[in-house]
Structure formats: structure tokens, C-alpha cells
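The values are calculated or read from the model by the stated rules, or taken from the named source; none is laboratory data. Keep in mind that what you see is a predicted model, and the values were worked out from it rather than measured. Ideal geometry is used to build each Cβ from the backbone, glycine not excepted, and the neighbour counts take in all protein chains shown.
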Amino acid sequence: MALILNIDTALETGSVTLALDGTPLARMINNDQKDHAAWLHISIKDMLKSSGSSLKDLNAVAVTSGPGSYTGIRVGMASAKGLCYALGIPLITINTLVAMAWSQQAQQPAEPGPGNAGYCPMIDARRDEVFTAVYDSNQHELLAPGAISVSDSPYQDLLSKGPVIFFGSGSEKWKALCSHKNAVFQKWDYAYFNLAYLSENLYVKNAFADLAYVQPDYLKEVYTYKKN
């Protein structure tokens, strides 16, 4: 039996979820992206207490490694790594796009049919760019994760083969440019964002990150500016 703490602060909404063998036991959500850092540790403490558990009961910590908010990714990764170092337990990293695709498919499965369907999570990456990838219903990559300009129309080949379901904070950018009959735009609801199943699956496979070398999946260069 694996008790796993799941952390996500990569998106505008953040969450912590305590799961046993892939089944969520407790969850707390924060809707203020600017408050993720201050909110995270307090929420973990409160959630564990309310569920009758403690940090020493954890078997692993899972965290979204990006893409998403640079600051949010750093907050989540640093917290998860710190807990794993302190407790001597493994770290599991989950790409945000993979988690979004799995959660969307679980909540709004596509109609069955030949060639159906690609799931395309899209996270707003400023200007005309989105963080995106495309996965089939078995979570196989059809388009590798990347920071892509929607004006480059990177999905035409996939759309010619069958339906592609677009969703997420960046999907409106593409919707304004796309009129293809195979493009399906669905609502994205963070309430259904679920790391528990994915983290349990990786735990069973011993698919753990190397604490010394693990890096965030930014997918885009981080720019910093000097103050005058």
C-alpha cells in the first residue's frame, strides 16, 4: 500500500492531494497563483492532520514538473524535493501536459471510432505561444511537448487523420485560428485534474526521479531581468 502526497503548483490553480493506492483521500485547492508558495506548506500540514496521517507515513511525493508557471514549478519542485530528502522517500515527477491529458480523457472521453482521438492540452505561454503536446487515448505521444506558436498551425497533420480535442488555458488562441472539422474544443476544469492515478502507476513501476539531478520541464527559456 502506497500513501503518496501529490503536489501541483504549475498552473493558475494549485492543489495538494493525499492518495492511498491511487485513490484520493483528501485534497486542498488554491485558486490564487500568487499565493502558491505561502499556501503550500500550510495546506500539506492541515491536510495530513485532517486525514489522520503524518509526514512519516508517506511512501513517496509526486509533483508536476512543468510546463506552466516558472515560479509555480519551482515552488512545487523545491518543496517536493525537500520533503523527499528529509523523509528519505522517492520523488515522482509528472509532466503537467500528461496529467492534463489523462484527466481530460477520464472526465470527457472521446466517442469511440477509428483514428479517434488526440488529446491536446494547451497552457498559455504568453504572446501567441502555448505549451502543448498531443497524446492518444493510451497516453502515447503524437506530438512531443514544446512551446509552440499557434500561428505555425502545428496540428494540421494530426487533424487530417482524425479528431483532436483541444483544451486548457491556451486553447482559445488556437480556436480563433482553427476551423478544421476535426478540431474539437472542450472546457477544461481543474476540479478534475488528478495526479493520484498517475503517481501510483509510476510508484508501482519504481519510476522515480533522481533527487540530485532532476530538473523542471520548463520547455522554454527562463528570462530574468536586471533591475535598474
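Give me the pairs, please: first residue somewhere in the stretch 152-166 and touching a residue at least 60 places away in the same chain (Cβ under 8 Å), second residue anywhere and of a type outside the set (Phe, Trp, Tyr), beta-carbon distance under 8 Å, and either six or more positions apart or on two chains.
Close Cβ pairs satisfying both conditions: Ile165/Gln104; Ile165/Gln108; Ile165/Ala110; Ile165/Ala117; Ile165/Gly118; Ile165/Cys120; Ile165/Val184; Ile165/Gln186.
What's the number of the condition Gly115 fails, among (1) farther than 21 Å from Gly22 by Cα; (2) of a type outside the set (Lys, Arg); (3) modelled with pLDDT of 95 or more?
Among (1) farther than 21 Å from Gly22 by Cα; (2) of a type outside the set (Lys, Arg); (3) modelled with pLDDT of 95 or more, the lone unmet condition for Gly115 is (3).
Return yes when Lys181 is touching a strand residue (DSSP E or B) at 6+ places or on another chain (Cβ under 6 Å), free of Cβ contacts under 8 Å to residues at least 24 places away in the same chain and of a type in the set (Lys, Arg) and no when it is not.
Considered against the rule, which asks whether it is touching a strand residue (DSSP E or B) at 6+ places or on another chain (Cβ under 6 Å), free of Cβ contacts under 8 Å to residues at least 24 places away in the same chain and of a type in the set (Lys, Arg), Lys181 comes out as no.
Anything in the stretch 191-224 that is over 18 Å from Met77 (Cα atoms), modelled with pLDDT of 95 or more and among the hydrophobic types (A, V, I, L, M, F, W, C)? List them, or say none.
Within the stretch 191-224, Val204 is the sole residue that qualifies.
If only one of Tyr155, Tyr85, Tyr119 is buried (at least 23 other Cβ atoms within 10 Å of the Cβ) and over 20 Å from the mean Cα position of the chain (by Cα), which one is it?
Among Tyr155, Tyr85, Tyr119, only Tyr155 is buried (at least 23 other Cβ atoms within 10 Å of the Cβ) and over 20 Å from the mean Cα position of the chain (by Cα).
Quick check on my filter: what residues within the stretch 1-46 are touching a residue at least 12 places away in the same chain (Cβ under 8 Å) and of a type in the set (Gly, Ala, Ser)?
Answer for the stretch 1-46, where residues must be touching a residue at least 12 places away in the same chain (Cβ under 8 Å) and of a type in the set (Gly, Ala, Ser): Ala2, Ala10, Gly14, Ser15, Ala19, Gly22, Ala26, Ala37, Ser43.
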